[in-house]
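Contents: one structure, followed by commentary.
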Amino acid sequence: MDNRSSSPQRRPVRMGGPGGGPMGAMGFEKPKHARQTVVRLLSYLDNRIALLVLALAMMLVSTLSGLAGNYFLKPLINNYIMPGDFAGLGGALLTLASIYLAGVAAAYLQNRMMVRISQVTTNKIRQELFVRLQRLPLKYFDTNTHGDLMSRFTNDIDNIQVSLDQSLLQVMSSTLSFVGSVVMMIVLSPTLFLVTLVVLALMVFISGKIAGKSMKNFKAQQKNLGNVNGYVEEMVDGLKIVKVFTHEEEIIAEFKQRNEAYRQAATNANFLAGMVMPVMMNLNNIAYAATAMFGGILAVLSNFDIGSLAAFLQYTRQVGFPITQMTNQLNNILSAVAGAERVFEMMDQQPELDEG
């Protein structure tokens, strides 16, 4: 008897997220041809360019309203609160409220537009992928696990949808917010900005170190998760063979080993990923406290006014958040590009010729 018949047939397992697909939130398979994939993905937006431009305009209004609202604290305190002009203060507060309301309205419209763009785009991609699936030869299905093929319709396309819906404009908004905050801090007080710059540099350095270590562990998590999912699929497909040859105990032991390897990798990866936000928040608090202390000294010993200090502290509180946002959203975008690459790889497979 052929020895290969004594256990379920092994098929190649593509490493990745559930069923073999890439995972988001810092765990992803790096795209191999990122530029070509992005260009091809953007070609699906050709009929929605006007809507995308309008969404970009709304993002710009929303971000600038946040920056302007923080700076407005300076005249609010110096021109109205400090002199005790409470009559003028009411009008100034209405102006400040209008600035923030404009930002809220722009953010709402931006989100509605991007949801529509992402859903229509991924619907078109999913439809084309399903049509291609019907035309592929049987040998393609024999050399790719069912879970891996399913993951292209679920994980990979979902990653594209999330990236278009949230990550694309969020990266632009975070970049603009970060640059704008730094510029406004320099305008308000170059001396005080040097104090904040030290903590900002530390935040960027620590964030990069944690993200690098987390990335390695997420790759290990992907690999082990792919092993677990592929093994479960094999066992389900070959369950009759397993029972015929009474291999239940061997199968359980091997699954336990793979499952434990996945648990260890997932624990390490998620522990490091979970450290990013608390570490960044605490460093941001340190920057805020250091800025407040030195700003108070400048206000007492020089002509640095209270309004400028209040506005500067708001920018100090705000400037660290875009760094974390950009890190997370860039990983989501890379995950989406990797997913799109897998989807287009399947679309580019040669269809089976109909020879009657």
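The values are calculated or read from the model by the stated rules, or taken from the named source; none is laboratory data. The structure presented is a predicted model; accordingly, all values stated were derived computationally and were not measured. When we count neighbours, we look across all protein chains shown, and the Cβ atoms used for this are built from the backbone with ideal geometry, even at glycine. In case anyone asks, the SASA skips ligands and DNA or RNA and just uses the protein heavy atoms, side chains included. Shrake-Rupley method; radii C 1.70, N 1.55, O 1.52, S 1.80 Å.
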Selection over region 93-142 where residues are at pLDDT 90 or above and of a type in the set (F, W, Y) yields a count of 3
With respect to the numbered conditions (1) crowded, with 19+ Cβ neighbours inside 10 Å; (2) at pLDDT 80 or above; (3) over 18 Å from T316 (Cβ atoms), which one is the sole condition not fulfilled by Q222? (2)
Of everything in region 57-94 that's open to solvent by less than 60 Å² (accessible area, probe 1.4 Å) and of a type in the set (S, T, Y), which residue is farthest from the chain's Cα centre (by Cα)? S65
Has region 9-32 got at least one residue that is at pLDDT below 90, among the β-branched types (V, I, T) and more than 22 Å from V171 (Cβ to Cβ)? yes
Residues that are farther than 30 Å from M293 by Cβ and touching a Leu at 6+ places or on another chain (Cβ under 6 Å): does region 206-216 have at least one? yes
Of residues in region 146-161 being open to solvent by less than 10 Å² (accessible area, probe 1.4 Å) and β-branched (V, I, T), the one nearest to D237 (Cα to Cα): I157
Filter result (assigned to a helix (DSSP H, G or I) and free of Cβ contacts under 8 Å to residues at least 12 places away in the same chain) within region 336-348: E345
Please state which of the following conditions F205 fails to meet, knowing it meets all the rest: (1) surrounded by fewer than 15 Cβ atoms within 10 Å (Cβ to Cβ); (2) over 22 Å from the mean Cα position of the chain (by Cα); (3) of a type in the set (F, W, Y). (2)
Hey, can you tell me all the residues within region 136-182 that are over 18 Å from Q325 (Cβ atoms) and of a type in the set (A, V, I, L, M, F, W, C)? L136, L138, F141, L149, M150, F153, I157, I160
Specify which of the listed residues (I286, I333) is surrounded by fewer than 19 Cβ atoms within 10 Å (Cβ to Cβ) and either modelled with pLDDT under 85 or part of a helix (DSSP H, G or I) (or both). I286
Residue by residue through region 237-281, note down the ones that are open to solvent by less than 60 Å² (accessible area, probe 1.4 Å), farther than 28 Å from F218 by Cα and in a helix (DSSP H, G or I). V242
Which condition from (1) in contact (Cβ under 8 Å) with a residue 40 or more places away in the chain; (2) farther than 30 Å from N284 by Cα; (3) in a helix (DSSP H, G or I); (4) over 24 Å from the mean Cα position of the chain (by Cα) is the one that I125 breaks? (4)
I need the full set of residues from region 129-143 which are open to solvent by 100 Å² or more (accessible area, probe 1.4 Å), part of a helix (DSSP H, G or I) and farther than 19 Å from N155 by Cβ, in order please. Q134, L138, K139, D142
Pairs needed: first member in region 144-163, touching a residue at least 40 places away in the same chain (Cβ under 8 Å); second member anywhere, small (G, A, S) and outside any helix (DSSP H, G or I); C-beta distance under 6 Å; at least 6 residues apart or different chains. S151/G21; N155/G17; N155/G21; D156/G21; N159/G24
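Looking at N303, is it outside any helix (DSSP H, G or I) and either among the hydroxyl-bearing types (S, T, Y) or surrounded by fewer than 16 Cβ atoms within 10 Å (Cβ to Cβ) (or both)?
Answer is yes for this residue.
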Test set (1) in a helix (DSSP H, G or I); (2) more than 22 Å from the chain's Cα centre (by Cα) - V120 fails condition number: (2)
